[in-house]
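Engineer: The structure that follows is given in the form of structure tokens.
The values are calculated or read from the model by the stated rules, or taken from the named source; none is laboratory data. Since we're looking at a predicted model, the values are computed, not measured. All Cβ positions, even for glycine, are placed from backbone atoms using ideal geometry, and neighbour counts span all protein chains on display. Calculation scope for accessible area: heavy atoms of the full protein, side chains included, ligands and nucleic acids excluded. Shrake-Rupley method; radii C 1.70, N 1.55, O 1.52, S 1.80 Å.
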Amino acid sequence: MPSHCDEVHVQQTVGQMFSGSPSSHFLCLPSQICCNCEVKRRYPRFLLLKGGTRPPWVGLGAAVWVEIASGNAYTFPLYSHALKSVLGFNQHQLTMIGVANDIGENVGLLPGLACDKFPPWVVLSIGALACFLGYGVLWLAVSRTVQSLPYWLLCLALCVAANSNAWFSTAVLVTNMRNFPLSRGTVAASGEDSVECCHFFFIQAASIVLGLYLLTTTIMSDVLSLSASISYTFIFIMILLLMAPLAIPIKMTFYPMRTSKSATLDQPIGSSDRLVQGEGCVDKTEPLLKPSSSTTNFGSFCESDDMSEVAMLLAEGEGAVKKKRRPKRGEDFKFSEAVIKADFWLLFLVYFVGVGSGVTVLNNLAQIGIAQGVHDTKNLLSLFSFCNFVGRLGGGVVSEHFVRSRTIPRTVWMTCTQIIMIFTYLLLASAIDGTLYVAIAFLGICFGVQFSTMIPTVSELFGLKNFGLLSNFMSLGNPIGAFLFSGLLAGYVYDNEAAKQHGLRFGSSLSCVGPNCFRITFLVLAVVCAVGTILSIVLTRRIKPVYQMLYSGGSFRLPPSTNH
């Protein structure tokens, strides 16, 4: 075994793959073939992406539909008042059911583990089954088909039903993170491939149009009396907009890109469209130099499953055996390695404050509206959901732009949104007439930004190898925040104020009207977001060197491996 395949050659090979430089094609010399084998051994997830151009885009289109279907946990405010009136719950009991909803939605440790073991269709099937069983039990209770179901069973049923979101979203996020490893912000960044950039822009634009269309038609159907024909027309247009993501793979089928062999060699193979699994050690691109017969023998090292043999060969080439070390930020972490890092818990606390306070408003949205004289929860929820979508999409695009152009950490935007949330909660506490819709809109945007920046930040700080498990652990901040701020705080304050207004005992199934129903809750949430802002600033300062390492060259650079 020659000493060509040392650590320098391996890192140069990886750098060429992901930099998109003109020299990113391989010459297939003996030493470089050896290095290619080592790269494939170290970074299998980047190289096991589907070959060709259409499969990842078909998957992205399907992901849009799955994410639309997985929004069922956000509909809790639509039927929460019905649960309260039909089943006779007080606000504390109702908010605890909302906590069960949030626990189910965000506890995705099992889906995270499953995504590393099973194909996406298995994960999605489990989510569909959970959705059917959970909401089925809830329907039996509300429709009075089954009388007197115990409270704990309803909580468990809603937890199982909402847990379908965790299975759906985890399958979608993990699959697309791996299909588009160089575009992690929203699985959309302006890369060097202008065609790919246009494809992402089309999907983003179609999603925005769909969101605006649904928000507009929802308000119109509530304000105006629409005929059946107009309603069916609205549904038909909605279906067309839902089918928009299929336009990209259809276009690729009928109008394939025609490139010459030389042009193909000049294209970066770091793109997800071009990363293919090699057969043996050679790449799919035609080599500039034909390997000799002796070169083929080096390929056998790539096919060996004996990790110790490869490690020893590398050590022999480098002249020394390197001791195993803990990973550095930006490399692949195991879960046990990540949880002992201060940055991990800082990110968790910042996310916990942002989404935990936001989900408190979402869970109590119907009662917040009624307390301030707005009885149509549907419009409030539609506004929150659309702004949440805008925050997720916009947060990903903006953070991706600035992280690549100026190496600004994504957590900067978590800081900005939490500052906005402070003023939003103060506005809600004031209960000034006409400000409820404005406050809900701002809160929805900030809520979405928190999610869209946390997801890629986890992958950049702790790698993609255990991304599903790590990101789902971060998501636990949502139900924990819901339990503390919604279940314990908001529910207690609401029931206490309702008892004062009606002159009855605490804990009765009563409705509260007026700004005092949630004023203390909103003031506490404003203070909590102030603390979260400070923590976010500390985190941003700590991780800035990581982003300078990853993006200082204007594009993502794969960090050194920790497997040697």
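Engineer: From 473, 485, grab the single residue that is open to solvent by 10 Å² or more (accessible area, probe 1.4 Å), more than 25 Å from residue 399 (Cα to Cα), within 24 Å of the chain's Cα centre (by Cα) and aromatic (Phe, Trp, Tyr).
Structural biologist: 485
Engineer: Go through 445, 455 for me and flag whichever is more than 26 Å from residue 175 (Cβ to Cβ) and out of contact with any Asp or Glu (no Cβ under 7 Å at 6 or more places or on another chain).
Structural biologist: One residue alone meets the criteria, 445.
Engineer: Right, another one. Need the failing condition index for residue 504 against (1) open to solvent by 60 Å² or more (accessible area, probe 1.4 Å); (2) part of a helix (DSSP H, G or I); (3) modelled with pLDDT under 90, just the number.
Structural biologist: Going through the list (1) open to solvent by 60 Å² or more (accessible area, probe 1.4 Å); (2) part of a helix (DSSP H, G or I); (3) modelled with pLDDT under 90, residue 504 breaks only (2).
Engineer: A further question on this structure: Condition check: in contact with a helix residue (DSSP H, G or I) (Cβ under 8 Å, 6 or more places away or on another chain), closer than 22 Å to residue 419 by Cα and open to solvent by less than 40 Å² (accessible area, probe 1.4 Å). Does residue 379 satisfy that?
Structural biologist: No.
Engineer: Something else: What are the residue pairs meeting all of these: first residue in the range 106-118, first residue at positive phi, second residue assigned to a loop (DSSP other than H, G, I, E, B) and surrounded by fewer than 20 Cβ atoms within 10 Å (Cβ to Cβ), Cβ atoms under 8 Å, and 6 or more apart or on different chains?
Structural biologist: Here the result reads none, with nothing in the range 106-118 linked to a residue that is assigned to a loop (DSSP other than H, G, I, E, B) and surrounded by fewer than 20 Cβ atoms within 10 Å (Cβ to Cβ).
Engineer: While we're looking at this one, here's another question. Considering only the range 426-461, how many residues are in contact (Cβ under 8 Å) with a residue 12 or more places away in the chain, open to solvent by 20 Å² or more (accessible area, probe 1.4 Å) and among the polar types (S, T, N, Q)?
Structural biologist: Counting residues in the range 426-461 that are in contact (Cβ under 8 Å) with a residue 12 or more places away in the chain, open to solvent by 20 Å² or more (accessible area, probe 1.4 Å) and among the polar types (S, T, N, Q) gives 1.
Engineer: Being open to solvent by 60 Å² or more (accessible area, probe 1.4 Å) and in a helix (DSSP H, G or I) is the filter here, so list the residues in the range 99-119 that pass it.
Structural biologist: 103, 110, 113, 117 - these are the residues of the range 99-119 that are open to solvent by 60 Å² or more (accessible area, probe 1.4 Å) and in a helix (DSSP H, G or I).
Engineer: Still on this model: Tally the residues that are more than 24 Å from the chain's Cα centre (by Cα) and either surrounded by 14 or more Cβ atoms within 10 Å (Cβ to Cβ) or of a type outside the set (Ser, Thr, Tyr) (or both), restricting the search to the range 209-246.
Structural biologist: Number satisfying all stated conditions: 18.
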